[in-house]
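Q: Dropping the structure in here first, questions after.
The values are calculated or read from the model by the stated rules, or taken from the named source; none is laboratory data. Bear in mind that the values here come from a model prediction, so they are computed numbers and not experimental data. Here the Cβ positions follow ideal geometry from the backbone for every residue, glycine too, while neighbour counts run over all protein chains shown.
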Amino acid sequence: MIALMILTMKYIQSCLRTLLLALSLMLCISESFAIEVEDLYQATIIVESRNNEQERRRAFSEAMREVLIKVSGLTSTTNPASIRRALNNPEPFVESFRTEADLLPSNPNEVTSVLREVVSIEVNFYESEIQRLLDENNIPVWSVNRPETLVWMVVEEELEERQMLGDDNSSASTRINTLRSFTDERGLPLLFPLLDLEDQLRLNVNKLWELDEAAILNASQRYQAESILALRIYRSLSGELLARSLYFFRGNVYSYEEFELSEEDFIRGSINLASNELSQYYSVLISGTENSVKVNMQVDDINNPEDYAALLNYLNALEGVSSFQLTRAHESSLILQLETGGQLRQLVETIALEPSLQEVVELSRAGDAVSMHYRWVEN
């Protein structure tokens, strides 16, 4: 009888652990809708000396280039002549900077590696000046609310087994860190799969190696991800690289391959592919254009001053909305008029990333009248 009771208790505990794991996963997935990206107007550049004026100027220029690409999401951002001139004279755009020095091993793979001083400059730029420069060149801005990109990665070293890499895989730390450094440069939030039994059943290592599109999309449904990046990397004993990636977004599939350049260049190219597609979809021009549109926006369930303040703060930061004003309030509903740049699809898609605003009625347009209807949901 005692043995039976012990077995019963163990079974109940096992069921509870399974239930808690499932609930945790549900919460994790439901919250992975969009991420507010921090430090978009900041970049850190390694320099040779902390006191060299020429090195500091170079760091300002490189940091500004990185910020412009990160804020717009496009690698072509620095092409216009006026932006190239600004990059040659970056000081007026710099709000602040600080220099740091760290002692790091000259060879991280050697335990007894000699330490060397690495100096870096962290540069912060005026948000308004960076946005003004982009706007003057008709370059849209990608808002701080950005969708996560789910990353599936499989690698094979010659004479070794294929391996799926995740965020908690210690043997893959170098590749994952490289991936993260490039996505940080582009302001692209990442989401890694759990690689548990359910993932393995939906997408095993061989299907991922084959870049089986149906299997990748099936496994990705669990994470409710629209932006999906799958990478396959093969490295021979001689160092030869054969790599290919697929990027899935909104029913489209884009491919990128690399045979000669470095693995870092392949990862960077794959990240650029994803970032360029996302930014073109979500970015909006800041100022109004000849096609600027006034939008009537109704928001229900504004039940207290905190909700009202949160809504106003969100609209103040919403890219593509140059101004807004409250035109009517009735009970818990507000009617606001937004002055937009006329890029309505991007505006709708950007708002869709905000979990506090849930669409009640799809955007409608009758002549010059444009209406949007949402309700406020506390998180």
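Q: Between GLU319, GLU277, which is within 18 Å of LEU353 (Cα to Cα), under 28 Å from the mean Cα position of the chain (by Cα), of a type outside the set (Lys, Arg) and assigned by TED's automatic domain parsing to the domain that holds ARG186?
A: GLU277
Q: Taking only region 112-162 into account, find how many residues are hydroxyl-bearing (Ser, Thr, Tyr), farther than 30 Å from ASN218 by Cα, at pLDDT below 95 and in a loop (DSSP other than H, G, I, E, B).
A: Of the residues in that region, 2 qualify.
Q: If you don't mind, another one. Can you tell me which residue in region 121-170 is surrounded by the fewest Cβ atoms within 10 Å (Cβ to Cβ), limited to those that are farther than 20 Å from VAL94 by Cβ and of a type in the set (Phe, Trp, Tyr)?
A: Among those residues, the one meeting the criterion is TRP152.
Q: While we're here: So which residues in region 43-78 are farther than 22 Å from GLU136 by Cβ and either part of a helix (DSSP H, G or I) or touching a helix residue (DSSP H, G or I) at 6+ places or on another chain (Cβ under 7 Å) (or both)?
A: ILE45, VAL47, GLU48, SER49, GLU53, GLN54, GLU55, ARG56, ARG57, ARG58, ALA59 - these are the residues of region 43-78 that are farther than 22 Å from GLU136 by Cβ and either part of a helix (DSSP H, G or I) or touching a helix residue (DSSP H, G or I) at 6+ places or on another chain (Cβ under 7 Å) (or both).
Q: From the list VAL370, VAL360, VAL348, which residue is farther than 29 Å from LEU150 by Cβ and among the β-branched types (Val, Ile, Thr)?
A: Going through VAL370, VAL360, VAL348 in turn, just one is farther than 29 Å from LEU150 by Cβ and among the β-branched types (Val, Ile, Thr): VAL370.
Q: Quick one: is SER356 under 25 Å from the mean Cα position of the chain (by Cα), of a type in the set (Ser, Thr, Tyr) and farther than 26 Å from ASN138 by Cα?
A: Judged against the criteria, SER356 is a match.
Q: Now, a different point. Could you grab the pairs with beta carbons closer than 9 Å, sequence gap of 6+ or different chains, first residue in region 351-363 and assigned by TED's automatic domain parsing to the domain that holds GLN298, second one surrounded by fewer than 13 Cβ atoms within 10 Å (Cβ to Cβ) and not hydrophobic (A, V, I, L, M, F, W, C)?
A: Close Cβ pairs satisfying both conditions: PRO355/SER30; PRO355/GLU31; PRO355/ASN379; SER356/GLU378; SER356/ASN379; LEU363/ARG345.
Q: Kindly indicate which of ARG328, ARG222 is in the same structural domain as GLY367 (by TED's automatic domain parsing) and basic (Lys, Arg).
A: Residue meeting the stated conditions: ARG328.
Q: Now for a separate question. Test of understanding: among LEU311, LEU285, LEU326, LEU315, which residue is surrounded by fewer than 18 Cβ atoms within 10 Å (Cβ to Cβ) and in contact (Cβ under 8 Å) with a residue 12 or more places away in the chain?
A: LEU315
Q: Give region 328-364 a look and list any residue that's farther than 26 Å from SER227 by Cβ, modelled with pLDDT under 90 and touching a strand residue (DSSP E or B) at 6+ places or on another chain (Cβ under 8 Å), or say none.
A: Answer for region 328-364, where residues must be farther than 26 Å from SER227 by Cβ, modelled with pLDDT under 90 and touching a strand residue (DSSP E or B) at 6+ places or on another chain (Cβ under 8 Å): GLU339, SER364.
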